[in-house]
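Undergrad: Encoded as structure tokens, here's the structure I'll be asking about.
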Amino acid sequence: MRRKEVLFVDGYNMIGAWPELEQLKKRDEIQGARDLLLFELSNYQKYRDIEVIVVFDAQFVPGITSTFEEFNVTVVFTQEGETADSYIERTVKQHINALTRVVVATSDAAEQWMVFQQGALRQSANELLMEVNYAKSQIRSDVSTFYDSRIRRRSPWDVTHLEKLDRLREEIEGQSD
């Protein structure tokens, strides 16, 4: 039996650390940065088969306290005055057990220490970005391998033969004009 994995993500910490998201934030496109973060984590979650909970504190969206699903990721906006750190510290305890591996992604050293003391693993923003990028490259490789195998299965020719045929077709079409 495989252990369940839960990844808690300090949303604004990632936005401040991931270059593409930070650029959106600097252009005052914080909603775009949040959406892109959720989209990237959704793909990562599906590929790794884990549960992802992204926590945003009330710093940029006061009074919106809510929890909802977006791109199959659980999104939490804390209550006004509550930080993402305090929410994560309080909630991580509820998920830690012998059958669940809990990881908290934040570059806040104090937060990393607190969750580590509770039994969760810690991951920096850069480490999570590297993992997300690695998963994206694996997804591209898997898709390429899948389509290559389909081409080979339906045709006695390999990809190089098909490329040569395509060039020949283009030459013939060019001569007929």
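Undergrad: When you scan the stretch 113-126, how many residues do you find that are in contact (Cβ under 8 Å) with a residue 12 or more places away in the chain, open to solvent by 10 Å² or more (accessible area, probe 1.4 Å) and within 20 Å of A17 (Cα to Cα)?
TA: Count: 5.
Undergrad: For the condition open to solvent by less than 10 Å² (accessible area, probe 1.4 Å) and among the aromatic types (F, W, Y), what is the one hit in F39, F68, F77, F56?
TA: F56
Undergrad: Where residues in the stretch 88-106 are open to solvent by 50 Å² or more (accessible area, probe 1.4 Å) and not in a helix (DSSP H, G or I), which of them is nearest to V52 (Cα to Cα)?
TA: R101
Undergrad: Consider A109 against the criteria (1) surrounded by fewer than 18 Cβ atoms within 10 Å (Cβ to Cβ); (2) among the small types (G, A, S); (3) touching a helix residue (DSSP H, G or I) at 6+ places or on another chain (Cβ under 7 Å): it satisfies all of them except one. Which criterion is unmet?
TA: Only one criterion is unmet by A109, namely (3).
Undergrad: Another question, if that's okay. Out of everything in the stretch 1-26 that is small (G, A, S) and surrounded by 16 or more Cβ atoms within 10 Å (Cβ to Cβ), what residue ends up being nearest to V103 (Cα to Cα)?
TA: Ranking the qualifying residues of the stretch 1-26, first place goes to G11.
Undergrad: Go through the stretch 27-36 and give me each residue that's surrounded by fewer than 12 Cβ atoms within 10 Å (Cβ to Cβ) and part of a loop (DSSP other than H, G, I, E, B).
TA: R27, D28
Undergrad: Residues in the stretch 49-56: is at least one part of a loop (DSSP other than H, G, I, E, B) and charged (D, E, K, R)?
TA: Yes, the stretch 49-56 has at least one match.
The values are calculated or read from the model by the stated rules, or taken from the named source; none is laboratory data. A quick note: this is a predicted structure, and the numbers were derived from the prediction, not measured. Cβ atoms come from the backbone with ideal geometry, glycine included; neighbour counts cover every protein chain shown. Note: areas computed on protein heavy atoms with side chains; ligands, DNA, RNA excluded. Shrake-Rupley method; radii C 1.70, N 1.55, O 1.52, S 1.80 Å.
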